[in-house]
1. Among the strands (runs of 3 or more DSSP E) confined wholly to the stretch B:17-68, which include 3 or more residues that are more than 23 Å from residue B:177 (Cα to Cα) and within 14 Å of chain A (Cβ to nearest Cβ)?
2. Could you pull out the residue among B:240, B:228 that is at negative phi, surrounded by fewer than 15 Cβ atoms within 10 Å (Cβ to Cβ) and touching an Asp or Glu at 6+ places or on another chain (Cβ under 9 Å)?
3. Does at least one position in the stretch A:254-263 carry a residue that is surrounded by 14 or more Cβ atoms within 10 Å (Cβ to Cβ), part of a helix (DSSP H, G or I), in contact with a Pro (Cβ under 6 Å, 6 or more places away or on another chain) and in contact (Cβ under 8 Å) with a residue 60 or more places away in the chain?
4. Would you point out which residue out of B:174, B:146 is in contact (Cβ under 8 Å) with a residue 40 or more places away in the chain and either among the aromatic types (Phe, Trp, Tyr) or within 14 Å of chain A (Cβ to nearest Cβ) (or both)?
5. Kindly check whether there is at least one residue in the stretch A:234-246 that is part of a helix (DSSP H, G or I) and buried (at least 18 other Cβ atoms within 10 Å of the Cβ).
6. Applying the selection to the stretch A:187-211, what residues are at the interface with another protein chain (Cβ under 7 Å from one of its Cβ atoms) and under 13 Å from residue B:76 (Cβ atoms)?
7. Collect the residues in the stretch A:205-238 that are within 22 Å of the chain's Cα centre (by Cα) and small (Gly, Ala, Ser), keeping them in residue-number order.
8. One residue is enough: does the stretch B:73-90 have a residue meeting the conditions part of a helix (DSSP H, G or I), among the hydroxyl-bearing types (Ser, Thr, Tyr) and either away from chain A (no Cβ under 11 Å) or buried (at least 21 other Cβ atoms within 10 Å of the Cβ) (or both)?
Amino acid sequence: MKQFIAFVNKEFYHLVRDRRSMLIILGIPVVQILLFGFAINTEVKDIRVAMHAPHPDAFSEGVTERFRRNEFFNLREDLHTPREMEMALQKGRLDMAVLFHPSEESIQLIVNSADPNRGSIATTYATAIIAGYQLEESGVGMSQIPFAIEVESRMIYNPGMESAYMFVPGIMGLVLMLICTMMTSVSIVREKERGTMEVLLASPLKQGTMVIAKTIPYLLISIINLVSILLLSYFVLNVPIRGSLILLLGISVIYIFLSLAFGLLISTVVRSQINAVIISAIIVMLPGLMLSGMIFPIENMPSILQWVSDIVPARWYTQAIKKVMIQGLGGAMVWKETLILTGMALLLVVGSTLNLKPRLE
Amino acid sequence: MDKVIEVEGLTKRFGNFTAVDRISFDVKRGEIFGFLGANGAGKTTAIHMLCGLSKPTEGRGSVAGFDITRENEMIKQNIGYMSQKFSLYEDLRVWENIRLFGGIYGLADKVIAKKTEELLERLNFKSERNTMVKALPLGWKQKLAFSIAIFHEPEIVFLDEPTGGVDPAMRRQFWEMIYDAAERGITVFVTTHYMEEAEYCHRVSIMVDGRIDALDSPRNLREAYGAKSMDEVFQQLARKAQRAD
């Protein structure tokens, strides 16, 4: 125990005396969460639309008025001819052109679908507006239609369809792991580079003591990071914390510990601090982004990638955080994720202890 | 006198390269044992095996009564080690380094506090207690590193090139500290480049190409080789070396 405390103290001094790293460690999560939170936005808003009616009538006027009042659309009144609209579409200054053909009793929508997601959502909005107007104008009330099926949809968990709800858990999984892994990935190899490892190995200090002691100061600083991420997402990105805060923090601490242990494992393998940083960035970033379910739904992946995603810790963490934070589910619903993360953390601690050879070579 | 280090046919091979080639010797308690050799002669590899940092390929040995192959963890409790690279933490203060290593060797807080005062007093270091180690001159760093290596009163201390790059006046002071330690019963196993330092040792071994070619007191060696100084003895032996640096 005395050895352990002495070693933890030493690690604390290293951490707090390295001002520049400290600034980076505490600053990166803030920057990342704001950057991701504001930059990644899958909501479709501000769709620029222009209308063309060769023979304006009540119907075309009515539809145009509907588009003008709709909050998702931005009606461009300066474009009149189809030719002008085509130019504007090409130059990317217009998202949609609505062309009325009174003779054929049809309306043509020309939609910029370079971004397929945005294009199809814009089409859905526009179709709904036109259909709604038509229904109203036909003069038939709902009661007069023999079979009226009313579809009423309710978006639960994220009624406002805020993309931050989706991304915050993903970013937490990514940023926490990235920072934690990088911090510890340099810590053993630094001692090797400076020659202090030789003296530690010649001392009665046990490898396990060294590994656990090295995680403690970083665990504390990561909890500060976790709190700042949660505060930012709650107050700035308006993401709710519906479930138990204790549960959320508990799962996060397990995940942080796992990431720190992963960094130590990397540190026992690499030969220089630079390599440690590069390797941990690549190993964490790529699967963290691609296979954690943050951007691409795991259910849609080919089964081999689904298996790979099973060993990506960020996947389980993100899943658990979504359940607790957004859906407000309790411990009974996240025991599986918690268990998997705990298991992975223990495996990594044991792995890095065994890999930290008691001898040189 | 009892023997604290006994080595027989100790060999270390890295692939085809034999770094240490069947060396045998023993070191008596309280002795200052000089371990000499050119760069690349195998000194550091031999020290690593004795400290339990490296497993011998062949041969056997014991340090402080423990087998170096099987009981290397027991050895670690009973030795002090100062490596060739500077081995204190530069971003820790003087007293923090002392407390760290005191803690690692399991000394009680009270003992650490008391011994820290003695150590600072002896080194005339009281004013430097709160200085970051990186701000100390090299000679002072080495003296501090040595004091910390023997802080837990080990049976043997291994010093790998402790005075490399240190100016002559400081080296002199450093050797006075080595004598002090030996008087307190700590066996000193030291490697060095400087042949005048070899004269300070009770006995000296000279390694050439991984083998020990000579082992005796400096005076006997000088006589045997008909040399005026240890430097001449060393030159005669080193000329036979096949290995390049």
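Taken together, the values in this text are just the output of simple stated rules run on the coordinates, not laboratory data. Remember, predicted model here, so these are calculated numbers, not experimental data. Virtual Cβ from ideal backbone geometry, glycine too; neighbours counted across all protein chains shown.
1. It comes to B:17-28.
2. Answer to the selection: B:240.
3. First pass over the stretch A:254-263, keeping only residues surrounded by 14 or more Cβ atoms within 10 Å (Cβ to Cβ): A:254-263.
So of that shortlist, the ones also part of a helix (DSSP H, G or I) come out as A:254-263.
This time we only want the ones that are in contact with a Pro (Cβ under 6 Å, 6 or more places away or on another chain), so: A:258.
Narrowing further to those that are in contact (Cβ under 8 Å) with a residue 60 or more places away in the chain: A:258.
Checking the stretch A:254-263: at least one residue is surrounded by 14 or more Cβ atoms within 10 Å (Cβ to Cβ), part of a helix (DSSP H, G or I), in contact with a Pro (Cβ under 6 Å, 6 or more places away or on another chain) and in contact (Cβ under 8 Å) with a residue 60 or more places away in the chain.
4. One residue alone meets the criteria, B:146.
5. No, the stretch A:234-246 contains no residue that is part of a helix (DSSP H, G or I) and buried (at least 18 other Cβ atoms within 10 Å of the Cβ).
6. A:198, A:199, A:201, A:202, A:203, A:204, A:205
7. Within the stretch A:205-238, A:222, A:228, A:233 meet the criteria.
8. Within the stretch B:73-90 (the criterion being part of a helix (DSSP H, G or I), among the hydroxyl-bearing types (Ser, Thr, Tyr) and either away from chain A (no Cβ under 11 Å) or buried (at least 21 other Cβ atoms within 10 Å of the Cβ) (or both)), the answer is no, since none of the residues qualifies.
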